[in-house]
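Student: Below you'll find the structure I mean.
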Amino acid sequence: MNLLNIPTSSIFLSSILIASLLIYFPFLFVAYARFQIGYDQSSPRAMFDKLPQYAKRANWAHQNSFETFIIFAAAVLSAYVTGIDTFTGAIAAIAFVVARFFYSIFYILDIPILRSLMYAIGSLSSFSLLILSIIKVSS
């Protein structure tokens, strides 16, 4: 099955690429803040305490993006390898990418309830792909 005439396998592989790039999206805000306060080449990690709150939150979003990407990549590759070709699988992959983009935005803007909702949507997307893969292999 395809979504907008895009094969599900292409959606899966593209979502991995986009999700890997989204890991670094919040770090753009950290980099901007670091240069605003004067980047310290000799001790860049010590600068964290000097960063404005939005940049600290961006750093946390960046770190969380690595953690969730590992699960998502495993889930989407499982779906790809098992040949999941459903509308649900394609939507789950797309939903993860969209949710992770907004997760970073809401984290940086300090809107915890929406950030948590985006985290939940991303997690549900990953677990949906894993469950679809298990069902496919079991049948």
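The values are calculated or read from the model by the stated rules, or taken from the named source; none is laboratory data. Predicted model, so just to flag it, every value in this text is computed and none were measured. Every residue, glycine as well, gets a Cβ built from its backbone with ideal geometry; the counts of neighbours run over all protein chains shown. Only protein heavy atoms, including side chains, enter the accessible area calculation; ligands, DNA and RNA are left aside. Shrake-Rupley method; radii C 1.70, N 1.55, O 1.52, S 1.80 Å.
Student: Out of the residues in region 90-139 that are of a type outside the set (A, V, I, L, M, F, W, C) and over 18 Å from ILE70 (Cα atoms), which is modelled with the lowest pLDDT?
Tutor: Step one: list which residues in region 90-139 are of a type outside the set (A, V, I, L, M, F, W, C), which gives 100, 103-104, 107, 110, 112, 115-116, 119, 122-123, 125-126, 128, 133, 136, 138-139.
From the residues that got through so far, the ones that are over 18 Å from ILE70 (Cα atoms) too are 107, 110, 112, 115-116, 136, 138-139.
Working: TYR107: 98, ASP110: 98, PRO112: 98, ARG115: 98, SER116: 98, LYS136: 95, SER138: 93, SER139: 85.
Once the filter is applied, the top-ranked residue is SER139.
Student: Exactly one condition in (1) open to solvent by less than 20 Å² (accessible area, probe 1.4 Å); (2) free of Cβ contacts under 8 Å to residues at least 12 places away in the same chain is not met by ILE108; state its number.
Tutor: Answer for ILE108: the failing condition is (2).
Student: Right, something else. For residues that are buried (at least 21 other Cβ atoms within 10 Å of the Cβ) and either free of Cβ contacts under 8 Å to residues at least 40 places away in the same chain or assigned to a helix (DSSP H, G or I) (or both), tally how many sit in region 84-96.
Tutor: Adding up the residues that qualify gives 5.
Student: As an exercise: evaluate ARG57 against (1) farther than 28 Å from SER138 by Cα; (2) over 15 Å from the mean Cα position of the chain (by Cα); (3) modelled with pLDDT under 95 and give the number of the one condition it does not meet.
Tutor: Looking at each condition in turn, ARG57 falls short on (3).
Student: May I ask you to list the residues in region 49-77 that are of a type in the set (A, V, I, L, M, F, W, C), surrounded by fewer than 18 Cβ atoms within 10 Å (Cβ to Cβ) and closer than 20 Å to TYR24 by Cα?
Tutor: Correct list: TRP60, PHE66, ILE70, ILE71, ALA73, ALA74.
Student: Does LEU117 meet the test of being part of a helix (DSSP H, G or I) and open to solvent by 80 Å² or more (accessible area, probe 1.4 Å)? Before you say what the answer is, go through the steps one by one.
Tutor: On the way: part of a helix (DSSP H, G or I): yes; open to solvent by 80 Å² or more (accessible area, probe 1.4 Å): yes.
Yes; evaluated as a whole, the condition is true for this residue.
Student: Is it the case that PHE72 is under 20 Å from SER123 (Cβ atoms), out of contact with any Phe, Trp or Tyr (no Cβ under 6 Å at 6 or more places or on another chain) and part of a helix (DSSP H, G or I)?
Tutor: No; evaluated as a whole, the condition is false for this residue.
Student: Which condition breaks for TYR80 when tested against (1) open to solvent by 80 Å² or more (accessible area, probe 1.4 Å); (2) within 30 Å of SER138 (Cβ to Cβ); (3) not in a helix (DSSP H, G or I)?
Tutor: Going through (1) open to solvent by 80 Å² or more (accessible area, probe 1.4 Å); (2) within 30 Å of SER138 (Cβ to Cβ); (3) not in a helix (DSSP H, G or I) one by one, TYR80 breaks only (3).
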